[in-house]
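Visitor: I have a structure I would like to understand better, so I am pasting it below and will then ask my questions one at a time.
Please treat every number below as a calculation from the coordinates, not as lab data. Fair warning: this is a prediction, and the values are worked out from it, not measured in the lab. Note: ideal-geometry Cβ built from the backbone for every residue, glycine included; neighbour counts use all protein chains shown.
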2 protein chains.
Amino acid sequence: MLQIYENTGKMALGSRLKQLSEALAKQAARVYQLYEVDLDPKWFPVFYMLKSGSCLPITVIAEAIGHSHASVSKIAKEMTAAGILKSEKLAGDARVNQVCITDKGRSLLSGFERQTGDMEAVVDELLGQCQHNIWEAISELDYLLEEKDVFARVRSKFLDRDKENIELIEYRAEHATSFRDLNYEWINKHFEIEQSDSAMLDDPEKQILAKGGYIVIAKYKGSVVGTCALIRHDANRIELAKMAVDDSVKGKGIGYLLGQRCVDKAKELDFRQVFLESNTKLKPAINLYKKLGFKRIVGEPSPYKRCNIQMLLTFLD
Amino acid sequence: MLQIYENTGKMALGSRLKQLSEALAKQAARVYQLYEVDLDPKWFPVFYMLKSGSCLPITVIAEAIGHSHASVSKIAKEMTAAGILKSEKLAGDARVNQVCITDKGRSLLSGFERQTGDMEAVVDELLGQCQHNIWEAISELDYLLEEKDVFARVRSKFLDRDKENIELIEYRAEHATSFRDLNYEWINKHFEIEQSDSAMLDDPEKQILAKGGYIVIAKYKGSVVGTCALIRHDANRIELAKMAVDDSVKGKGIGYLLGQRCVDKAKELDFRQVFLESNTKLKPAINLYKKLGFKRIVGEPSPYKRCNIQMLLTFLD
DNA sequence: ACTAATTACGTAACTAATTACGCGATGAAG
DNA sequence: CTTCATCGCGTAATTAGTTACGTAATTAGT
């Protein structure tokens with residue numbers, strides 16, 4: 001075992017796997033030589049796919065063996081030059097290049113099978129001598145990673161840690177500028193400022209808070225980076241709006257935290273439901289709302305031009 | 001899982017390992033981006049070796065992390081250009097290029113550790129969820145391969161099968177030409193023909209068989225490819241000689257089979273021991289003789305110039 | 001002490017894959 | 001029925017490593 005693995009811990013799993021697979025590949029190459037089958041080791045998987053005689057398009061082979069189509073294309077070219085493959089056009093679709101084995105290719109088959117048979121037997125024998133079943137272990141790991149890959153898992157940890165840098169506070173007068181700027185910027189990026197915007201954004205204290213609404217401010221590492229508001233329409237109708245998060249802190253879940261805080265606040269204020277208006281072209285936003293529990297509804301027309309979807313969250317209890 | 005693995009069986013273990021390790025590497029690359037540590041992923045192992053502050057020569061690092069020295073040399077160059085490493089000459093040996101981390105490199109350490117810590121935790125978690133321990137499985141496999149690698153194992157199988165093509169037969173008049181040619185060729189390749197050679201090779205029936213000796217011929221796939229003889233000197237002294245195997249069938253163990261047959265014959269003829277003469281520069285031959293049980297002795301001077309070593313096999317019973 | 005072999009390392013050439021890009025063929029949407 | 005996105009594939013450029021080779025420094029063998 002390499003010295004480095006004595007210190008890295010399991011983090012280096014990827015490298016160890018690579019190292020082992022490279023060692024196996026190197027030995028396999030020597031095996032190919034031994035059997036004098038006239039196949040370049042790298043042709044092996046393509047040959048394997050075609051040995052039964054079927055004709056397959058490049059991309060289908062690529063997908064089956066886990067290579068890029070470009071790689072298969074190159075290999076097929078080499079094998080064709082060696083007289084092992086031939087290509088034929090697919091009748092219905094002139095784009096498709098179907099390749100299949102030639103008679104010369106077929107003549108290599110018996111040697112190939114003898115060799116792979118021995119190889120198979122050796123690996124079986126080898127795995128039989130192991131207490132821990134590496135084959136099963138790989139399958140398990142594959143399965144777990146399909147569910148949630150390493151990146152996503154590390155990202156969760158990362159975000160957990162990063163959460164300590166996020167702070168939610170109630171709106172105070174000193175946030176007026178940030179509140180306005182963040183929202184203006186957000187609207188300008190996707191739409192145009194409308195008249196109803198200016199009123200709200202320029203005097204939130206009067207237009208939102210004084211009417212029984214609520215504004216929450218998100219800080220990241222001390223500076224204001226996000227806003228969200230509840231706008232009270234009447235005793236039964238309260239709206240979630242003015243959600244804006246600075247681009248530089250996208251992906252940290254700040255939007256979700258802001259939304260959650262507003263939903264909690266609405267509950268606290270004894271509303272039975274919260275509604276919101278948005279636009280279907282803002283896919284990430286819509287997803288966020290869904291994650292918060294909002295469902296699409298058909299409601300009254302919005303005063304904002306940019307809105308073409310309404311959503312509603314009804315509290316269960 | 002890729003389609004191909006559904007049919008290949010365990011033979012494709014190497015490819016599966018490679019595939020898994022590549023998937024992990026790809027995800028790891030995304031993790032590096034997330035943490036914004038200014039290290040190219042491929043610098044990772046070198047950085048790991050040097051992060052404690054030690055100065056290490058290129059080859060030492062290469063060996064520890066399992067790369068070629070050329071690769072480490074290139075990486076070190078890049079990292080030096082990035083200001084992360086510096087090199088300093090080793091005092092006693094002007095060939096050695098010791099590299100170590102700079103202050104700038106050290107400044108990356110905290111981010112690096114945070115990241116590797118999270119990574120480690122994730123992998124640990126992942127492995128904890130597996131019933132089959134892939135880490136242990138790799139170690140086991142490593143160990144087994146160190147004992148006898150895949151190539152050697154397959155080769156054993158191959159030779160077993162190939163043995164069916166090898167046939168040992170007693171010398172008959174029809175083998176005279178082959179016997180002479182194989183031996184002439186062998187001697188010419190390494191030495192010069194001497195006078196004692198010609199006599200034996202041109203008339204083996206009289207010079208060897210008539211004097212109570214023995215000649216065995218090896219055929220491979222029907223054609224004569226090897227010879228070996230026992231030359232009777234007197235009632236107590238018999239010599240193993242004229243072992244020649246055609247180059248095209250080297251490595252199939254034909255020499256060993258020939259030798260074994262002659263030794264058996266000597267036993268059958270009631271000799272208590274067999275001796276032989278050879279030359280130390282023929283390492284493979286000497287090894288073969290050792291494998292047959294011969295031990296080096298100091299004997300009488302040989303009639304052949306090419307001989308500088310004598311060996312003896314004494315039967316135990 | 002001199003020659004030969006070995007060591008450390010850098011550069012160059014090669015390898016086996018990838019991603020990027022372009023082109024013609026196809027199909028979907030107004 | 002035309003236009004625009006997408007598909008299949010080939011070629012080019014890139015990448016991360018390897019082996020091969022040359023050179024200078026050191027060690028070993030006579």
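Visitor: Just tell me how shielded B:57-65 is by partners: mean number of partner chain Cβ atoms within 10 Å of each residue's Cβ, no decimals.
Guide: Neighbouring Cβ atoms belonging to other protein chains average 2 per residue here.
Visitor: Go through chain B and flag any cysteine with no other cysteine's C-beta closer than 4.7 Å, please.
Guide: If one checks each Cβ against the other cysteines of chain B, B:C130, B:C228, B:C262, B:C307 turn up with nothing under 4.7 Å.
Visitor: Can you give me the long-range amide H partners of A:L85? Hydrogens built in the peptide plane at 1.01 Å from N, cutoff under 5 Å, separation of 5 or more residues or another chain.
Guide: The answer is A:T80, A:T102.
Visitor: Something else about it: Grab the beta carbon distance between A:D124 and A:S223, set R0 = 60 Å, and tell me the FRET efficiency rounded to 0.05.
Guide: Working from the Cβ atoms, E equals 0.45.
Visitor: Tell me which residues come under 5 Å, amide H to amide H, from B:M243 once H is placed; ignore anything under 5 positions away on its chain.
Guide: Here B:A229 satisfy the definition.
Visitor: Provide an ascending nm list, one decimal, of label-point separations from B:R106 to the equivalent residue in each further copy; define each label point as 7 Å from Cα along Cα→Cβ.
Guide: Distances between equivalent label points, in nm: 7.1.
Visitor: Something else now. If you average the sequence gap of Cα pairs under 8 Å that are 6 or more apart and divide by the length of chain B, what percent do you get for the contact order?
Guide: 9
Visitor: May I ask for log10 I(q)/I(0) of region A:161-314 at q = 0.09, 0.15, 0.16 Å⁻¹, from a Debye sum over the Cα atoms as equal point scatterers with solvent left out?
Guide: -0.25, -0.75, -0.87
Visitor: If each residue's Cβ is checked for other Cβ atoms within 10 Å, how do B:E125, A:E63, B:E6, B:E277 rank with the fewest at the top?
Guide: B:E6, B:E125, A:E63, B:E277
Visitor: Sort B:T8, A:T280 by Cβ crowding within 10 Å, fewest neighbours at the top.
Guide: Going from least to most buried by this count: A:T280, B:T8.
Visitor: Further question on the same structure: How do A:E239, B:E136, A:E170 rank when sorted from fewest to most other Cβ atoms within 10 Å of their own Cβ?
Guide: So the ranking, lowest neighbour count to highest, is A:E170, B:E136, A:E239.
Visitor: Something else now. In vacuum, with every alpha carbon of region A:221-264 counted as one equal point scatterer, what does the Debye formula give for log10 I(q)/I(0) at q = 0.15, 0.18, 0.24, 0.27 Å⁻¹? Two decimals, please.
Guide: -0.41, -0.55, -0.83, -0.96
Visitor: Still on this model: Translational diffusion coefficient of the protein assembly as shown at 37 °C, 0.692 mPa s, Stokes-Einstein with Kirkwood Rh over Cα pairs, in µm²/s as a whole number.
Guide: My calculation gives 102 µm²/s for D.
Visitor: Once the label point is set 7 Å along the Cα-to-beta-carbon vector, what list of distances in nm do you get between A:D203 and its counterparts in the other copies?
Guide: Relative to the other copies, A:D203 has label-point distances of 13.3 nm.
Visitor: Hey, another quick one. What does the charge dipole of the protein assembly as shown about its Cα centre add up to, to the nearest 20 debye, if the Cβ of each Lys and Arg holds +1 and the Cβ of each Asp and Glu holds -1?
Guide: Its charge dipole is roughly 660 debye.
Visitor: For A:R306, place a label point 7 Å from Cα along the Cα-to-Cβ direction in every copy; what are the distances to the other copies, in nm, shortest first?
Guide: The projected label point of A:R306 is separated from its counterparts by 9.4 nm.
Visitor: Mind checking the dipole of region B:161-314: about its Cα centre, +1 per Lys or Arg Cβ, -1 per Asp or Glu Cβ, Debye to the nearest 20?
Guide: Taking the Cα centre of region B:161-314 as origin, the dipole is about 700 debye.
Visitor: Per DSSP H run of n ≥ 4, the term is -39500 (n - 2.57); total these for chain B, divide by its residue number, and report the mean residue ellipticity at 222 nm rounded to 500 deg cm²/dmol.
Guide: Per the formula, -15000 deg cm²/dmol.
Visitor: Further question on the same structure: Any idea which of A:I134, A:L159, A:F294 is furthest toward the positive side of the dipole for chain A, if Lys and Arg beta-carbons carry +1 and Asp and Glu beta-carbons -1?
Guide: A:F294
Visitor: Which cross-chain or sequence-distant (5 or more) residues have an amide H under 5 Å from the amide H of A:D203, H modelled 1.01 Å from N in plane?
Guide: none
Visitor: Here is a further query. Note down the magnitude of the dipole of region B:5-153 about its Cα centre, charges +1 on Lys and Arg C-beta and -1 on Asp and Glu C-beta and zero elsewhere, to the nearest 20 debye.
Guide: Using Cβ point charges on Lys, Arg, Asp and Glu, region B:5-153 gives about 580 debye.
Visitor: With θ set to phi - 60°, apply the Karplus curve 6.51 cos²θ - 1.76 cosθ + 1.60 along region A:148-162 and write out the HN-Hα couplings as whole Hz, x wherever there is a Gly or Pro.
Guide: Coupling constants for region A:148-162: 7, 7, 4, 4, 4, 5, 5, 4, 4, 4, 4, 5, 3, 5, 5 Hz.
Visitor: Spin-label point model (7 Å from Cα, Cβ direction): what's the A:M1 to B:E113 distance in nm?
Guide: Modelled inter-label distance: 2.4 nm.
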